[in-house]
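Worksheet: one structure, shown below.
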Amino acid sequence: MPRTAKKAAHKKAGKARRTKEEVQAILDKVAALRAEGKSLTAALRDIKIPYNNYNYWIKRQGRQSAGKGKSAAPASGKRGAKAAKMQAVLDQIDQMRKAGQSLNDAVKSSKLTISNYYYWVRTLTKKSSGKSKAPRAAASAALGHGDDTVEILKQMGRNREERERLTRAVQMLDNDFRALLRKLESV
């Protein structure tokens, strides 16, 4: 007589779900970290929450998901307050720059990354049409340290020309040296 397989008597124990209050507390922490200038990915990494959980919770609340594509648009109601905070941080960095601090040091002391800094500068100096993005040089000029950027770009151009001139001179000397070697070998 064939045996019938018995089903396992134990049930796989899963993790307990978070309560609404716990989820709201996590979302508030993420919002606070984002207000400090951290990216969404960095904020979620800091509090050890997977992106998919965060996105699920946001969608359940009926808010726009953070998204990774073009369809996700930022919440327009908070834009003004966020822009004001961003501008305040940029003004603080500008004051540090005028006091003689380097851009990297000023950005680091403001607890930003240099890429966030440039993103904020581009975001706040964008034209109203939204189609054209201001280049870094123009954005830096808008913040009052454009002279440094322009001077650096000019110096880079001069360095490139000097490098090309020196390369041609080395090539000419190399050709002359080879011609002298051929003369010596023929003698």
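A compact table of results
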| item | result |
| --- | --- |
| Residue order, fewest to most surrounding Cβ atoms within 10 angstrom, among SER115, SER110 | SER115, SER110 |
| ³J(HN,Hα) computed for each position of the stretch 28-41 - Karplus, 6.51 cos²θ - 1.76 cosθ + 1.60, integer Hz, glycine/proline x | 5, 4, 4, 4, 5, 5, 5, 5, 6, x, 7, 6, 4, 4 |
| Reachable aspartates and glutamates from LYS108, criterion Cα separation under 15 angstrom, eight or more residues apart if same chain | GLU36, ASP91, ASP94 |
| Nearby aspartates and glutamates by direct alpha-carbon distance to LYS29 (threshold 14 angstrom, same-chain neighbours under 8 apart not counted) | GLU21, ASP46 |
| For MET96, MET156, order by how many other beta-carbon atoms lie within 10 Å, fewest first | MET156, MET96 |
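Computed from the coordinates by the stated procedures, all read-outs in this text should not be read as laboratory data. Source: prediction; values computed, not measured. Heads up, the Cβs are rebuilt from the backbone with ideal geometry, glycines too, and the neighbour counts pull from every protein chain shown.
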